[in-house]
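Accompanying notes for the structure given below.
The values are calculated or read from the model by the stated rules, or taken from the named source; none is laboratory data. Since the structure is predicted, the reported quantities are computational estimates derived from the model, not experimental observations. Reconstructed Cβ throughout: ideal geometry from the backbone, glycine too, with neighbour counts over all protein chains shown. What goes into the accessible areas is simple: the full protein's heavy atoms, side chains included, and nothing from ligands, DNA or RNA. Shrake-Rupley method; radii C 1.70, N 1.55, O 1.52, S 1.80 Å.
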Amino acid sequence: MASTWRATAKADRRQRYLDAAAELFAARGYAGVSIEDLGAAAGVSGPALYRHFRGKEDVLAELLVSASERLLRGATATIEAGRDPASTLADLVAFHADFAIAERDVIRVQDRELVHLGEEPSRRVRSLQRRYVEAWADVLVAAQPGLARDEAVVRLHAVFGLLNATPTTPGLEAMGDPVGLLGGMALAALSGRPRPPAGTPAAA
């Protein structure tokens, strides 16, 4: 029991560091935050961080890798629920919109600070992101059979840009249903008619 309690306490302290890092990195930028700042925000001395992380870069790496893992797990669970493609697409949009609103600091850090990751965590994040996009693309193409996969991927990146703009979207807090608002905009962007192949005569 004691060892379980210690493990839980250690995990809680580690999460406090990550939560503090997300807030501080989002507000000041990675370069503007020191180990001492992270410790003060988490309610401990700065050097205590080294009991849990090798340094500030390690904190950033865990923050961003964890975010990408959670997104991929959520998308996978949504797809495995087995609904029809159109309904699954709507569920994916709602999931991502909800994540983007709940994790605004993480979204902002991911957008601005990925360049500070080391080679291995950067490769890991980008691999997870590619898998996330591919999982969505499978659903989008199934929901819109006439849509070419390369165009589906382009549309998805545009929609992710829309959803991930939540940290800097003025007035969003005043909306009664921000997830519904963003989800509706995203679905409208995804549901446009596929472009005809190059050289196809325009309809009269």
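Taking the numbered list (1) in a loop (DSSP other than H, G, I, E, B); (2) surrounded by 15 or more Cβ atoms within 10 Å (Cβ to Cβ) in turn, Glu62 passes all entries but (1). Exactly one residue among Ala137, Ala90 is over 17 Å from Val179 (Cα atoms), in a helix (DSSP H, G or I), of a type outside the set (Asp, Glu) and in contact with a Leu (Cβ under 9 Å, 6 or more places away or on another chain), and that residue is Ala137. Considering each residue of region 71-97, count those that are under 10 Å from the mean Cα position of the chain (by Cα) and over 17 Å from Leu128 (Cα atoms), and give that number. Qualifying residue count, region 71-97: 1.
Being more than 23 Å from Val154 (Cα to Cα) and assigned to a helix (DSSP H, G or I) narrows it down to one residue among Ala142, Ala77, Ala100; which is it? Steps first, answer last, please.
Details: Ala142 fails: more than 23 Å from Val154 (Cα to Cα); Ala100 fails: more than 23 Å from Val154 (Cα to Cα).
That would be Ala77, the only listed residue that is more than 23 Å from Val154 (Cα to Cα) and assigned to a helix (DSSP H, G or I).
One line per residue, one yes/no per condition, for (1) under 21 Å from Asp19 (Cβ atoms); (2) open to solvent by less than 40 Å² (accessible area, probe 1.4 Å):
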{"position": "Arg104", "(1), (2)": "yes, no"}
{"position": "Gly118", "(1), (2)": "no, yes"}
{"position": "Ser122", "(1), (2)": "no, yes"}
{"position": "Pro145", "(1), (2)": "no, no"}
{"position": "Arg149", "(1), (2)": "no, no"}
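Considering only region 69-83, I want to know if a residue exists there that is touching a Leu at 6+ places or on another chain (Cβ under 8 Å), open to solvent by 40 Å² or more (accessible area, probe 1.4 Å) and modelled with pLDDT of 95 or more. Scanning region 69-83, I find at least one residue that is touching a Leu at 6+ places or on another chain (Cβ under 8 Å), open to solvent by 40 Å² or more (accessible area, probe 1.4 Å) and modelled with pLDDT of 95 or more, so the answer is yes.
Considering every residue within region 165-172, establish whether at least one is under 14 Å from the mean Cα position of the chain (by Cα), modelled with pLDDT under 90 and in a loop (DSSP other than H, G, I, E, B). The answer is yes, given that some residue of region 165-172 is under 14 Å from the mean Cα position of the chain (by Cα), modelled with pLDDT under 90 and in a loop (DSSP other than H, G, I, E, B).
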